[in-house]
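These notes concern the structure reproduced below.
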Amino acid sequence: MIARETVVSHESRATVLLVEDEQEIRRFVRTALHSEHYRVLEAGAIRDGLVTAGNEKPDLVILDLGLPDGDGVQFMHDFRHWSPVPVLVLSARSAEKEKIAALDAGADDYLTKPFAVGELLARVRALLRRGQQLQVVPEAHLSFSDVSVDMARRVVTRHAEPVHLTPIEYRLLVLLVTNAGKVMTHRHLLREIWGAGQADNSHYLRVYVGHLRQKLEKDPAQPQHILTETAVGYRFVF
Amino acid sequence: MVTGLMAGIRLHAIGVTMQLPLDHNAHPVLRYAGAVLTACLCAILCLPLLGRLDLANILMLFLLAVAITAAGFGRGPGILAACLSVVLFDFLFVEPRFSLAVHDGQYVVTFVVMLLVAILISHLSSLLREQLHEAQYREQRTRILYECARHFAGAMTRTQIDETLHTCLSESVHASRVAVYLPDEQENLVFADSVNRAAPSVPEKLVIQTTYASGQKQEISEFAADGFRTVYLPLRGATRMRGVLVLDLPANREDHADDRQYFLEALSSLLATALERLHFVAVAQAAELGMQSERLRGSILSSISHDIRTPLTVLCGLADTLQLTQPELSAETRDIAESLRAQAFRLHGMVDNLLDMARLQSGKVQLKREWQPLEEVVGASIHVLGNALSSRVVQVNIPSDLPLVQFDAVLMERVFCNLLENAAKYSPQDSTITLAAAVQGDAVEISISNAGDGFPADAIRDLLDVFSRGQQESPVQGFGIGLSICRSIIEAHGGRICLVNPQEGGARVVFTLPLGMPPTIEPENVLPGLPT
């Protein structure tokens with residue numbers, strides 16, 4: 001609990017850039033972010049957003065995908081050239097293609113409209129934490145539930161018993177765990193693990209994720225850590 | 001009469017035209033009379049010249065008359081004129097005059113030559129005449145075909161084609177009946193429509209259908225009036241049979257039978273091409289229309305969904321943030337904010353359902369089918385539902401060796417969310433919802449059961465239809481289209497869905513998804529020395 005408090009107080013100085021053209025949505029997102037004591041910058045279009053991001057160096061960007069001067073994917077392409085800052089995308093439902101395009105272009109997470117404010121704040125917290133972690137040397141040892149992953153010794157244990165993983169399963173797990181909180185698209189994962197030629201064989205990925213869940217999750221059908229983002233990809237949460 | 005004949009003869013004498021002389025078609029008696037008259041006239045005209053001209057030259061004049069007669073009146077009159085000329089020449093000019101006796105034997109040669117010339121000329125001219133006639137006949141047919149082709153090419157409707165066909169066929173082959181029978185979409189010939197008002201008799205229908213099926217021309221006289229016979233011509237298009245052309249033709253016209261055959265074949269292939277073109281024009285128009293309405297529907301749906309979702313997002317968000325405002329709200333206001341939020345989210349759920357239904361009902365949903373484990377989409381659905389399941393426990397029984405299934409993950413998540421949400425809505429708190437899957441034959445059978453009161457027995461069949469709900473006034477609110485959406489999605493995947501009330505109580509939704517041939521995944525060995 002104490003640790004959580006310090007994190008919050010640390011994050012409270014964080015600056016969030018909100019790129020959204022709908023006044024009313026901006027208003028409640030701003031109110032919500034203020035309630036957590038973030039500093040909020042606002043932009044109504046891609047151009048403004050990029051300028052503000054360049055000048056103010058925000059710690060997080062919240063990006064709407066439908067903007068008057070282009071879609072958010074364009075913003076992502078430009079933004080990722082010079083900034084690794086986490087980006088949370090707001091998108092309409094049934095817009096999987098745009099979502100995936102934005103994530104492939106470097107966005108970290110997405111929220112489907114309409115969203116609960118609590119959910120938004122949780123994602124913002126997670127992404128800010130992730131942004132901070134990007135700047136420190138990653139830890140070689142991670143653990144979640146009763147599983148621990150020692151990346152230095154390449155050992156995975158559950159209930160202190162070693163878990164037998166195949167090389168692909170291990171690489172997949174490490175990739176997910178080191179990108180915790182970020183939505184990893186199918187295409188991205190396939191490219192990282194199987195190479196560029198396998199982008200269409202998403203069933204491979206699904207089968208291996210299934211194996212990981214069976215070996216590491218308490219109930220593989222209701223996973224707590226390796227979550228499915230339907231039609232988009234996977235997200236690991238601690 | 002005589003002047004007419006003379007006109008015909010004069011044309012030939014001048015030799016400026018090869019036009020068919022009227023006298024050739026004249027009655028034989030008239031033609032023979034013409035021959036006699038020509039010979040006599042020649043003799044009368046030559047009489048005053050006797051003594052001034054040599055006999056040989058007078059003979060030449062007679063030869064000329066014979067040649068004209070042969071060319072103008074045909075073979076018989078030509079020979080008659082030759083014989084008569086010989087007799088007249090002998091009688092009137094050759095010594096002894098006014099007697100048929102011949103002193104000089106050389107005149108026999110003259111007579112024979114005259115006869116041969118007459119025969120030769122008449123033969124040649126009749127040959128020429130036949131060829132001319134043939135050429136004219138062909139020219140007329142070609143012109144008619146050309147006219148037909150021109151009209152067919154410009155025709156935009158079936159009626160225009162029919163009119164052209166009628167004009168052309170009654171003019172060229174004197175057809176007393178012209179009918180075209182075309183197939184409908186199911187490949188059945190239509191016998192009575194706006195163009196063919198009277199349907200043919202049943203036996204004739206059979207003949208027409210045989211022609212259509214076999215693609216062979218048929219010719220019979222049973223169904224035609226006396227003196228006519230019926231020709232059934234298949235209309236063969238480039239890709240398939242386009243119909244049958246039925247003609248009643250005069251039976252006695254046996255001349256040019258081959259020509260007529262070629263003509264009719266050429267005409268029917270022109271007709272088939274024209275009909276084919278009309279067909280493809282119609283197909284293209286329908287496709288264009290379909291695309292336009294599809295595009296329109298798509299843009300309306302997406303603009304509606306955007307226009308409705310934006311204020312809904314704002315509403316949900318504002319209601320949510322109300323609770324975060326400082327200073328803290330009173331308990332009562334807080335309740336109001338909470339209820340505002342809940343209603344806004346509910347409204348959003350309904351809008352989602354309605355838009356989904358509209359999209360599915362339009363019948364053009366593109367399934368993005370991928371091979372995937374069922375477990376994954378189940379897990380995602382339970383995760384999405386989150387609080388909506390509140391205190392109910394979902395027990396998932398999916399065997400770990402269940403093969404991959406091919407489905408659209410987004411739509412299937414919708415199915416599971418709807419079914420699980422329903423199962424939760426109509427079951428008591430803290431009860432268990434069971435989700436089980438198993439292979440049944442060539443499909444995966446998935447069942448979702450709850451511990452509620454079950455479906456109302458009398459409405460179990462209607463429940464899957466749009467906008468029906470189990471109870472008229474349900475204590476639990478919902479929109480009733482959730483199940484219909486599920487059915488649409490499952491049927492689009494080639495599966496089936498049914499509702500049952502199992503004996504042990506509760507309600508159960510069972511649906512299937514076809515199994516197919518999942519792709520193989522090569523097993524990967526656990527290599528020694530790698531993570532264990």
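Computed from the coordinates by the stated procedures, all read-outs in this text should not be read as laboratory data. These figures come from a predicted structure and were not determined experimentally. Neighbour counts run over all protein chains shown; Cβ positions are idealised from the backbone, glycine included.
Step through the residues of segment A:43-52 one at a time and calculate ³J(HN,Hα) from phi using the Karplus curve (6.51 cos²θ - 1.76 cosθ + 1.60, θ = phi - 60°), rounding each to whole Hz and writing x for Gly and Pro.
Those phi angles translate into 9, x, 8, 4, 4, 4, x, 5, 5, 4 Hz.
Once you treat every alpha carbon in segment A:121-238 as an equal point and sum by Debye, what is log10 I(q)/I(0) at q = 0.21, 0.22 Å⁻¹?
At q = 0.21, 0.22 Å⁻¹ the computed log10 ratios are -1.32, -1.42.
Using a ≥ b ≥ c from the Cα gyration tensor of segment B:229-355 (square roots of the eigenvalues), is it rounded, prolate or oblate, where a/c under 1.5 gives rounded and otherwise the larger of a/b and b/c decides, a/b for prolate?
Cα axes put segment B:229-355 in the prolate bin.
How much mean residue ellipticity at 222 nm does chain B get from its helices, if each DSSP H run of length 4 or more adds -39500 (n - 2.57) and you divide by all residues, to the nearest 500 deg cm²/dmol? Mind showing how you got there, number by number?
Working: 12 runs with 283 residues, N = 532.
For chain B, the value works out to -18500 deg cm²/dmol.
Testing the spin-label approximation: label points 7 Å from Cα along Cα→Cβ at A:Lys97 and A:Arg154. State their distance in nm.
4.2 nm
What's the longest uninterrupted piece of chain B once you rule out the chymotrypsin sites (Phe, Trp or Tyr not before Pro) that are loop residues per DSSP with at most 11 other Cβ within 10 Å? Let's see the in-between values first.
On the way: sites that count: B:Phe98, B:Phe467.
Here the longest segment lacking exposed loop sites spans B:99-466.
Name the longest site-free stretch of chain B, where the excluded sites are GluC sites (Glu not before Pro) in a DSSP loop with no more than 10 other beta-carbon atoms within 10 Å. Can you show the working numbers first?
Values: sites that count: B:Glu185, B:Glu187, B:Glu222, B:Glu254, B:Glu328, B:Glu473, B:Glu504.
Here the longest segment lacking exposed loop sites spans B:1-184.
Ignore the peptide's own chain and count Cβ atoms of other chains within 10 Å of each Cβ in A:156-169; give me the average, rounded.
The per-residue average across the peptide is 2.
List the longest stretch of chain A that has no exposed loop site; here a site is one of the trypsin sites (Lys or Arg not before Pro) assigned by DSSP to anything other than H, G, I, E or B, with at most 10 other Cβ within 10 Å.
A:14-152
Once R0 is set to 51 Å, what does the formula 1/(1 + (r/R0)^6) return for the Cβ-Cβ distance between B:Thr157 and B:Val113, expressed as a FRET efficiency to the nearest 0.05?
0.15
Given R₀ = 22 Å, FRET efficiency for B:Glu491-B:Ala287 by Cβ-Cβ distance, to 0.05?
My answer for the efficiency is 0.35.
Can you compute the equivalent ellipsoid semi-axes for segment B:320-386, i.e. the square root of 5 times each eigenvalue of the Cα gyration tensor, sorted largest first and rounded to whole Å?
36, 18, 8
When the Cα centres of segment A:32-73 and segment B:375-398 are compared, how far apart do they sit, in Å?
What the calculation gives is 34 Å, centre to centre.
Just checking the output field for A:214-225: average partner chain Cβ neighbours within 10 Å of each residue's Cβ?
Other-chain Cβ atoms within 10 Å of each residue's Cβ, averaged: 4.
Go ahead and run the numbers for FRET between B:Ala135 and B:Leu100, Cβ-Cβ distance against an R0 of 30 Å, rounding to 0.05. Don't jump to the answer; show the numbers that get you there.
Numbers: r = 45 Å, r/R0 = 1.50.
According to the calculation, E is roughly 0.10.
Counting only other chains, and only Cβ atoms inside 10 Å, what mean value do you get across the residues of B:376-386?
Numbers: counts 12, 4, 3, 13, 7, 3, 4, 7, 3, 0, 2.
Mean partner-chain Cβ count within 10 Å for B:376-386: 5.
Compute for the protein assembly as shown: radius of gyration divided by Kirkwood radius, i.e. Rg/Rh, restricted to C-alpha atoms, rounded to two decimals.
1.37
Given 20 °C and 1.002 mPa s, compute D for chain B with the Stokes-Einstein relation, Rh being the Kirkwood radius over Cα pairs; round to the nearest whole µm²/s.
Answer from the Stokes-Einstein relation: 64 µm²/s.
Could you compute the net charge surrounding A:Gly54? Neighbours are other residues with a C-beta less than 14 Å from the C-beta of A:Gly54; K and R count +1, D and E count -1.
Details: positive: A:Arg47, A:Lys57, A:Arg80; negative: A:Asp48, A:Glu56, A:Asp78.
For residues surrounding A:Gly54, the net value is 0.
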